[in-house]
1. I need the full set of residues from the range 7-56 which are open to solvent by less than 30 Å² (accessible area, probe 1.4 Å) and hydroxyl-bearing (Ser, Thr, Tyr), in order please.
2. Would you please list the contacts, defined by Cβ atoms under 6 Å and residues six or more apart or on different chains, that run from a residue in the range 92-111 that is open to solvent by 10 Å² or more (accessible area, probe 1.4 Å) to a residue that is modelled with pLDDT of 95 or more and part of a loop (DSSP other than H, G, I, E, B)?
3. What pairs come out if I take residues in the range 169-186 that are part of a helix (DSSP H, G or I) and pair them with residues that are open to solvent by 30 Å² or more (accessible area, probe 1.4 Å) and at pLDDT below 75 whose C-beta lies under 8 Å away, six or more apart or interchain?
4. Take the residues in the range 65-102 that are polar (S, T, N, Q) and closer than 26 Å to Met7 by Cα; name whichever of them is farthest from the chain's Cα centre (by Cα).
5. Can you name every one of the strands (runs of 3 or more DSSP E) wholly within the range 217-281 that holds 3 or more residues which are in contact (Cβ under 8 Å) with a residue 12 or more places away in the chain and open to solvent by less than 40 Å² (accessible area, probe 1.4 Å)?
6. Confirm whether Ser99 is in contact with a strand residue (DSSP E or B) (Cβ under 7 Å, 6 or more places away or on another chain) and within 25 Å of Gly276 (Cβ to Cβ).
7. Answer yes or no: is there a residue in the range 121-142 that is more than 24 Å from Arg21 (Cα to Cα) and either in a loop (DSSP other than H, G, I, E, B) or modelled with pLDDT under 90 (or both).
8. State yes or no: is Pro70 open to solvent by less than 10 Å² (accessible area, probe 1.4 Å) and over 14 Å from Ile262 (Cβ atoms)?
Amino acid sequence: YFRSKLMTIKVVTDSGCDIPRDICEELDITVVPLTVTFGSTSYQDGVDLSADEFYERLVGGSIMPTTSQPSVGSFVETYSKLRESADQLLSIHVSSKLSGTLNSASQAVAQENLSDSVQLVDSQAASMGLGFSVMAAAEAVKQGSSLEEATAAAYSVLQRTELFILFDTLKYLEKGGRIGKASALLGSVLQLKPILTLENGEIATKAKIRTFRKGIQSLEQLSQECGNLENVAVLYTTDAGYATSLAEQIGQSSNTPLVVRISPAIGTHGGPGVIGIVCVKSEI
């Protein structure tokens, strides 16, 4: 006998999404880890290197870490395993202008002839800018949406998302080769604290601030300028205190922000002292 069944869909992303682990578990999101390397030792981001351990080494050690995208093999493995229980996969990844992760994923799709069953999305975003879109897709799947509807939900969030990151230093961003259009800030005699954003998937300058404290005030102002928010997150690498108080400030004017520690994969390029906000504007 033939039993008709609904198409089952699984949502996949990478550790550049910064979604807290409990949310990934709750929404059944599969996270493929990027690799973080200190000297000759490599770790899988979030698997055998926690954020706490990572930042301790980043601040206390002399070795600058590097990151690399997941291998084609790790995507093949992930997709094969998920395909045992799912008909379709929605795989949403960190901006292809910041990482080769999407490239690895698409090579895996081609290699395994999965183009009919895997939908790939270049978020052109990072951290919770990517994270909120993945969460929206996973929520849609949970509510019984089709692959097309879940993909549309992800794109809708991406189009309404603004990301602003206050940097204490640009040293890590420059070293990692991710500085993009913000390179004009390098070599500035004045010790500026830039607020950077993502434009079409690459890093660009939003504002140049003289002091870190003014930078925090600017972040608060930028969140207000986004208008009504459907979702908001405050990001940090090493200063939980700043992040919590900024979340309280922002939270007075909108819903409660998620306070998220930036993952090693993203933190490698931000360095210590980073504070950021991700705002998802409400649909009009």
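1. Thr13, Ser15, Thr37, Tyr55
2. If the second residue must be modelled with pLDDT of 95 or more and part of a loop (DSSP other than H, G, I, E, B), the pairs left are Leu98/Ala126; Ser99/Gln69; Gly100/Gln69; Leu102/Ser96.
3. Glu174/Ser183; Glu174/Leu186
4. Top of the filtered list is Ser85.
5. Output list reads 229-236, 275-281.
6. no
7. Checked the range 121-142: no residue is more than 24 Å from Arg21 (Cα to Cα) and either in a loop (DSSP other than H, G, I, E, B) or modelled with pLDDT under 90 (or both).
8. Judged against the criteria, Pro70 is a match.
The values are calculated or read from the model by the stated rules, or taken from the named source; none is laboratory data. What you see is a predicted model, and the numbers here were worked out from it, not measured in a lab. Ideal geometry is used to build each Cβ from the backbone, glycine not excepted, and the neighbour counts take in all protein chains shown. Areas reflect the complete protein model, heavy atoms only, side chains present, ligands, DNA and RNA absent. Shrake-Rupley method; radii C 1.70, N 1.55, O 1.52, S 1.80 Å.
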